[in-house]
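**Q** Sharing a structure with you now.
All of the numbers you see were taken from the coordinates with simple rules; none came from a lab. All values derive from a computational prediction rather than experimental measurement. Neighbour counts run over all protein chains shown; Cβ positions are idealised from the backbone, glycine included.
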Amino acid sequence: MAVEKREIDPFEHVVDSGHTPILETIGLEIHGLEVAGVPLKFMLLMAICATTVALGLIWLGKKMASGEPPTGKLWNLLESLLFFVRDRIAKPGVGEHDANRYLPYLTTLFLFIFTMNLIGMLPFLGSPTASIMVTGTLALISFVVIHAAGLEGNHGVKGYLKTFIPPIHIEGGPVMQLLGKVITVGIAALEYATAFIRATVLAVRLFANMLAGHTVLFMILLFIALVTTGSPYQIEFAEGKDWLYYLVAPFSVLLVTALSLLELFIAGLQAFIFTFLTAVFIGLAKHPAH
């Protein structure tokens, strides 16, 4: 019985890792190389995304400054995205009065995350946002912007810190007054903790959603290998035993293709959610409810 064996990694183009076949074919080995916990591959992809966003926004700025009406698909696309961030993210989140001031940051953040999510859909590449170090850094930058806005809007550190203390007044005797102070201290402690929790939520939400999408693709493609040898790194074709492979493989490929189209939508949705929450947190810091 003729048997053909070959060692493969059927998921090297789906799972985000430092492995980049394109670079390795020209003699550049970056597998396993990291800087501050971030694979060098992701740093190169982030540099490409940042350069793309910067060139696009600089080009758009020059076009809009000319005063000419938008012409061409690229101009209309970029301008539509800019107005989308302004009207659907900055104004509802930050407020009408301060929206334009934070629009450059929010627009750059949205396009940068969106581009990083999309680049992971290309063969041999990956989504940098599937790394917690990347999303954590983005959340840290937003954390600084959020609280800088709070410091500015509430006249310095003292005024900003006071916004975390709720104005609770309980009428009654000494016991009730003490209870009111205890409640105030407890709620203030929760509010101070929330200032840090919000940044954590931003990082984990984006990371978890992007990683989950790639994990689903991984598991579906895993069926192809498991129905043959039970190993995700080896496919064995034996005479009379390969019928299950040819039954499962087309189904898995079609399902992965359909889910990849869904991933395109999720790439934009997660960029929107991250940016919108950042805008909302800026608005809350700058204009506290109490």
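**Q** Go through the stretch 146-157 residue by residue and turn each phi into a ³J(HN,Hα) via Karplus (6.51, -1.76, 1.60, θ = phi - 60°); whole Hz please, and just put x for glycine and proline.
**A** Using θ = phi - 60°, the values come out as 4, 7, 5, 5, x, 5, 5, x, 10, 6, x, 5 Hz.
**Q** Sticking with this structure for a sec: With the crude spin-label approximation of a point 7 Å out along Cα→Cβ, what separation in nm comes out for THR184 versus ALA258?
**A** Distance between label points: 5.9 nm.
**Q** One-quarter of the Cα convex hull surface for the stretch 134-195, in nm²? Numbers along the way, then the final one.
**A** On the way: hull surface 19.3 nm².
That works out to 4.8 nm², a quarter of the Cα hull's surface.
**Q** Magnitude of the Cβ-charge dipole of the stretch 63-179, K/R +1 and D/E -1, about the Cα centre, nearest 20 debye?
**A** Details: 8 positive and 7 negative charges, 32 e Å.
Roughly 160 debye for the stretch 63-179.
**Q** Which of the peptides 249-257, 106-114 is most tightly packed, and how do the rest follow, going by the mean number of other Cβ atoms within 10 Å of each residue? Numbers along the way, then the final one.
**A** Numbers: 249-257: 13.9, 106-114: 22.7.
Sorting 249-257, 106-114 by mean packing, highest first, produces 106-114, 249-257.
**Q** Here's another thing I want to ask about it. For the stretch 257-266, in order, what is each residue's ³J(HN,Hα) by Karplus, 6.51 cos²θ - 1.76 cosθ + 1.60 with θ = phi - 60°, in whole Hz (x at glycine and Pro)?
**A** Per residue, the Karplus-derived 3J(HN,Hα) values read 4, 5, 5, 5, 5, 5, 4, 4, 5, 5 Hz.
**Q** Here's a follow-up. For the stretch 108-171, take every pair of Cα atoms, bin their distances at 10 Å starting from 0, and report each bin as a whole percent.
**A** All Cα pairs considered, the percentages come to 18, 31, 21, 18, 10, 3, 0.
**Q** Still on this model: So for the pair GLU79, LEU140, with labels modelled 7 Å out along Cα→Cβ, what separation do we get in nm?
**A** 3.9
**Q** Starting from the Cα coordinates of the stretch 33-136, work out the convex hull volume and express it per residue in Å³.
**A** Considering the Cα atoms of the stretch 33-136, their hull volume per residue is 120 Å³.
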